[in-house]
Amino acid sequence: MSTIPLTNNAADNATIVRDAIRKVSSIATLPEITTRIIATVEDPNSTARQLHQIIAHDPALVTRILKVVNSAFYGLPGQIGSIERAIVLLGLNAVKNIAIAASLGQLFRGAALCEGYSPRDLWTHCIAVAITARALAREMKLPIADEAFLAGMIHDLGMIVSLQVHPDALREVCRKVQTGGGDFCAVEQELIGADHAQLGMALAEAWKFPRPCQLVAGYHHRPADLADNNRILVTLVAVADILCCQGKQGFDLTARHQNLAASAADSIGIDPAAIERVKTNLPQLVEQTRTLFAAA
């Protein structure tokens with residue numbers, strides 16, 4: 001299976017994706033500390049002490065992480081006063097995800113995304129999907145709640161590529177979907193030559209995000225295209241994306257016209273009652289946590 005399922009002319013599509021990633025990498029890059037955090041946590045030989053040493057060099061990041069750790073988002077008993085203690089209680093992955101959220105939001109800035117939406121609205125949507133995917137994983141008692149949060153947070157990374165490299169074409173994509181409906185990815189293919197899923201997967205790979213996150217970025221609009229062993233996390237995020245778009249959480253155009261039946265939710269055994277519980281609690285859930293991860 002190709003890592004990025006290509007449409008239209010495969011060679012042209014691949015060239016568009018490759019050129020866009022090269023251009024965006026000269027405009028927007030992950031902060032060095034975030035890159036180091038990802039590399040440390042992905043290394044099976046790394047330790048909590050190593051992660052603590054990296055984060056401790058950035059006082060602003062320490063402050064933001066402790067703010068999240070001590071919020072209702074985690075509901076820990078008592079105040080946590082140090083990153084070292086936070087890592088012990090939450091684990092490396094959870095602290096890594098908070099650190100990535102604290103820095104990734106800085107990329108969602110700039111001129112209007114399109115009529116009625118700003119880059120901040122896109123970031124709000126990404127955070128909402130992250131929170132929703134985490135809640136779904138917990139409802140299903142899956143041991144991937146932290147992974148689901150990170151995957152949800154970066155699922156629309158490709159929109160940043162389009163915003164930076166093809167802003168006029170992206171605005172036209174949004175206009176067409178707003179006025180005429182239709183599938184967002186199909187309109188992107190028509191007007192840009194590649195969709196945000198393809199661009200997002202390529203950027204997630206270039207930025208060395210974990211492989212499961214790369215697959216989420218690339219397949220969250222078509223999880224059924226993946227083999228069974230790769231489908232659970234992607235489908236969780238796909239369902240979360242649809243719920244958040246239908247619930248108008250931030251930028252809501254990409255999955256506005258998708259439905260849960262098409263997301264293959266039943267293929268991984270998501271209980272419809274669990275989806276309804278998360279859907280009912282979604283506005284309150286997002287409102288309680290959105291400001292914690294707001295771009296500074």
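Spatial offset of region 197-260 relative to region 270-296 amounts to 17 Å, using the alpha carbon center of each. Among S162, S82, a tally of other beta-carbon atoms within 10 Å of each Cβ gives an order, fewest to most, of S82, S162. Each Cα pair under 8 Å and six or more residues apart adds its sequence gap; the mean of these over the residue count of the chain is a relative contact order of 21 percent.
With bins 10 Å wide beginning at 0, the percent of Cα pairs of region 72-196 falling in each bin runs 12, 35, 29, 17, 7, 0. Grouping the Cα pair distances of region 164-290 into 10 Å bins from zero gives a pair-distance distribution of 12, 38, 38, 11, 0 percent in increasing distance order. If the chain linking E115 and R290 were pulled fully straight, counting 0.36 nm for each residue of separation and taking away their Cα-Cα distance, it would gain 60.8 nm. Entry note: region 31-107 has Rg to Rh equal to 0.93, where both radii use alpha-carbon atoms and Rh is the Kirkwood radius. The protection proxy used here, the mean number of other Cβ atoms lying within 10 Å of each residue, ranks peptides 87-99, 171-183 as follows, highest first: 87-99, 171-183. Summarising the label geometry, the points placed 7 Å from Cα in the beta-carbon direction at Q53 and A224 lie 5.0 nm from one another. Applying 0.36 nm per residue to the separation of D183 and L142 and subtracting their alpha-carbon distance, the gain on full extension is 11.7 nm.
Compactness of the chain, taken as the C-alpha radius of gyration over 2.2 N^0.38 Å, stands at 0.95. Cα centroids of region 82-118 and region 16-63: how far apart, whole angstrom? Taking the Cα centre of each part, region 82-118 and region 16-63 sit 11 Å apart. Cysteine residues of the chain whose Cβ has no partner cysteine Cβ closer than 4.7 Å: C126, C185, C213, C244, C245. Dividing the convex hull volume of the alpha carbon atoms of region 114-185 by its residue count gives 98 Å³ per residue. For V41, V62, the sequence from fewest to most other C-beta atoms within 10 Å is V62, V41.
Computed over the Cα atoms of region 180-241, pair by distinct pair, the Kirkwood hydrodynamic radius stands at 12.1 angstrom. Placing +1 on each Lys and Arg Cβ and -1 on each Asp and Glu Cβ, with no other charges, gives the chain a dipole about its Cα centre of roughly 720 debye.
Ordering E276, E188 by the number of other Cβ atoms within 10 Å of each residue's own Cβ, fewest first, gives E276, E188.
Throughout, read-outs are computed from the coordinates displayed, never taken from laboratory work. Remember, it's a predicted structure, so these values are computed and weren't measured experimentally. Positions of Cβ are generated from backbone atoms using ideal geometry, with glycine treated the same way; all protein chains shown enter the neighbour counts.
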